[in-house]
1. Does VAL34 satisfy being more than 25 Å from PRO133 (Cβ to Cβ) and either at pLDDT 90 or above or not in a strand (DSSP E or B) (or both)?
2. For segment 4-19, indicate whether the set of residues that are in contact with a strand residue (DSSP E or B) (Cβ under 7 Å, 6 or more places away or on another chain) and either modelled with pLDDT of 95 or more or not small (Gly, Ala, Ser) (or both) is non-empty.
3. Can you go through GLU68, GLU115 and tell me which one is charged (D, E, K, R), exposed (fewer than 14 other Cβ atoms within 10 Å of the Cβ) and over 12 Å from LEU38 (Cβ atoms)?
4. Taking into account only those residues within segment 40-65 that are surrounded by fewer than 13 Cβ atoms within 10 Å (Cβ to Cβ) and either closer than 19 Å to THR120 by Cβ or in contact with a helix residue (DSSP H, G or I) (Cβ under 6 Å, 6 or more places away or on another chain) (or both), which is modelled with the lowest pLDDT?
5. Conditions first: (1) part of a loop (DSSP other than H, G, I, E, B); (2) surrounded by 12 or more Cβ atoms within 10 Å (Cβ to Cβ). GLU99 passes all but one, so which condition is the exception?
6. Of the residues SER32, SER84, which single one is surrounded by fewer than 18 Cβ atoms within 10 Å (Cβ to Cβ), closer than 15 Å to ARG100 by Cα and among the polar types (S, T, N, Q)?
Amino acid sequence: MHTKWIVIALLSVVLIGCGQLLPASDPLAGTSWVLTDLDDKDLLPDYPIVLRFEGYRLSGNSGCNNYEGEYDAHDERIKVIALSQNALACGEEAAMDQEREYLDNLAVVFSFELEDRQLTLITRENRKLRFVPAEN
């Protein structure tokens, strides 16, 4: 009788321990997005901004240049790490300004919301980057 309880107790400890080793699920992994709103500012239609999340890496095109980095997302919190981009010039100064503003804000986001097929990234200053799913 005691052996049965010991086995049950040991299995419980093992299952609880395994549950703690599993990483939290990442709701952003495997998704692609197109920016529709940069802190309530109109975007330049000829310079779309794309963001992809895959395996704790993010990448995309910021209108002029490609960028990439790492991220950690869980419980509606997100941290972007080691964001980098290639440095090609665009033909239009406004596009370069838009790109700079986007990347500056992306680097400091700290939370996100997924609602009604929209992604909103939010900075500590409450600036909001709003996205819709990218077409495949």
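The values are calculated or read from the model by the stated rules, or taken from the named source; none is laboratory data. The structure displayed is predicted, hence computed values, not measured ones. With ideal geometry, Cβ positions are generated from the backbone for all residues, glycine too; neighbour counts draw on all protein chains shown.
1. no
2. For segment 4-19, residues in contact with a strand residue (DSSP E or B) (Cβ under 7 Å, 6 or more places away or on another chain) and either modelled with pLDDT of 95 or more or not small (Gly, Ala, Ser) (or both): absent.
3. When all the criteria are applied, what remains is GLU115.
4. Among those residues, the one meeting the criterion is ASP42.
5. Result: GLU99 fails condition (1) only.
6. On inspection, the qualifying residue turns out to be SER84.
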